[in-house]
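Everything below concerns the one structure shown next.
Where a number appears in this text, it was derived from the coordinates with a stated rule and is not lab data. All figures in this text were calculated on a predicted structure; none of them were measured in a lab. A quick note on method: Cβ atoms are made from the backbone with ideal geometry, for glycine too, and the neighbour counts reach across all protein chains shown.
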Amino acid sequence: MPHEAISVFDMFKIGVGPSSSHTLGPWRAAMQCVQVIQQKSSLQNVKKIDVLLYGSLAKTGKGHGTDIAVLLGLCNENPETIDVNSIDEKINTIKSTHQFLLGNQVNIPFNPTTNIQFLFTETLPFHPNGLSFLIELDNGDNFSETYYSIGGGFVVKENEIAGDKKNIQLPFPINTAKELLHWCQKTGLSINEVVLENEAAWRNENETIAGVTKIWQTMKDCIYRGCHTKGILPGGLNVKRRAFDLNKKLTQQFPYNNFDTWLQSIQNGGNHFQYILDWVSCFALAVNEENASFGRVVTAPTNGAAGVIPAVLLYYIAFCNGNDENKIIKFLLTASEIGSIFKKGATISAAMGGCQAEIGVSSAMAAAALTESMGGTQKQAIMAAEIAMEHHLGLTCDPIGGLVQVPCIERNTMGAIKAITACQLALQSTPDFAKVSLDKVIETMWQTALDMNSKYKETADGGLALSVGLAEC
């Protein structure tokens, strides 16, 4: 059976919030479109560009910043390196001047109000997150480019669905949890060791380790920044940031001045259950409040679920003797493999599967990684992932106002706590007696996604998004 080669750096991408599928994906699609224009003609020959947003991208595009992301992508700004504090100024300049710098080279006229169309009633057949770029050249020629943002920042171009990674041959090809376990048992390798061996198909081990270290550094910076930023989240719901006040309350007796001394102050507070629970929630809140503010985050595997894995990893570091670079790298490698299996067997797109595809998958990823990190076997790690997802099945995506705030931010705290609970259950269990396999849960999740009404799939047409009016917020 052909396998899809997915790297750890496909599952963990550094970018800008608030959504991997509605912000980061369209951003990358716009950057790809700029490259296509350069190949087919020249940026200097472009007279006009129109952007069409379909389906879920249209219905929650404003709240998710899809229009902003597309503009930044067309300007060839890099989501991994852009100064996030400059975004508002750049967008306001485009709105006031009615022009932007295509590919960071050529000024073309562009009015976001008219040149970006939100097609609320139209959906392209391949995926709910579709967008098209209509390009008109000076000589009168026209062409269009269509892309799909399929979740987690993954983008596929129309008629090129398979992608370039089909040619990558991995030493341990894996599509399912059963295949992962097969390779672990055959080689005696742990899950993270299997992943590291597979990553060698793309780059050498030192480069992989350096890249994963950068992923953690970005997560760490995001948590710390989120815990030390107060105020109201943008978008109109007037949601107050909570991580700042919770962090201040929990650390008031222990002063600090950087991440390391902050971590020490956290540990100085003890390890009783309520205290740890508060901190796990604080970590998750911090990340997703940054995400909601167009801050720099890591898709894990998506932006909407970006707080779960960092929260569980920092729990492991702060309270479980996990403050070691090698342990952190192994944690993230294991988490990435579980996420890739979900992507191959189901989806990590809320527009396809509801929030079970985001918070549920991230919780499963964190649960497996924590279990292996705590000394669990490969079977126990896979069992933990199954437990975590089993108790997220059917979770809807119903963001109020189309914003990744309510209930999205709190759901990250729930996903993190469920991951820790799943880990503890798996560590105290014998997987051979389990009645449900991870592959069966993934199969069930996908069937649930297919059965789920579209109004619960990131459209803001149902659930809390409909029953809670904006005026009530």
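For G103, what residues show an amide H to amide H distance below 5 Å, using hydrogens built from the backbone and excluding near sequence neighbours?
Hits under the 5 Å cutoff: C75, N76.
Across the stretch 92-240, how large is the tail of the calculated P(r) beyond 25 Å, expressed as a percent of all Cα pairs?
Values: 6859 of 11026 pairs.
Result for the distance tail: 62 percent.
Which shape class applies to the stretch 8-164: rounded if a/c is under 1.5, otherwise prolate when a/b exceeds b/c and oblate if not, where a ≥ b ≥ c are the square roots of the Cα gyration tensor eigenvalues?
Note, shape of the stretch 8-164 comes out rounded.
Sorted by mean Cβ packing within 10 Å, highest first, what order do the peptides 221-234, 122-135, 240-253, 143-156 take?
143-156, 122-135, 221-234, 240-253
Please give the helix 438-451 orientation as an angle from the longest Cα principal axis of the chain, in degrees from 0 to 90, rounded to the nearest 10.
Its long axis makes an angle of about 40 degrees.
Which ³J(HN,Hα) values in Hz, rounded to whole numbers, follow from the phi angles of the stretch 337-348 under the Karplus curve 6.51 cos²θ - 1.76 cosθ + 1.60, where θ = phi - 60° and Gly and Pro get x?
5, 4, x, 5, 5, 5, 5, 6, x, 8, 6, 10
Does the stretch 416-473 come out rounded, prolate or oblate by the C-alpha gyration tensor, with a ≥ b ≥ c the root eigenvalues, rounded set by a/c under 1.5 and, if not, prolate when a/b is larger than b/c and oblate if not?
Oblate, since a/c reaches 1.5 and b/c is not below a/b.
Neighbouring Cβ atoms within 10 Å as the yardstick, rank V280, V70 fewest first.
Ranking V280, V70 by Cβ neighbours within 10 Å, fewest first, gives V280, V70.
Working from Cα positions, state the angle (0 to 90°, nearest 10) between the long axis of helix 378-390 and the longest principal axis of the chain.
Once rounded, the angle reads 60 degrees.
Tell me which residues come under 5 Å, amide H to amide H, from K48 once H is placed; ignore anything under 5 positions away on its chain.
Sorted by chain and number, the residues that satisfy this are E136.
Too long at a 19 Å Cα-Cα cut-off: which of K62/K220; K220/K457; K59/K457; K13/K214; K40/K157?
K62/K220; K220/K457
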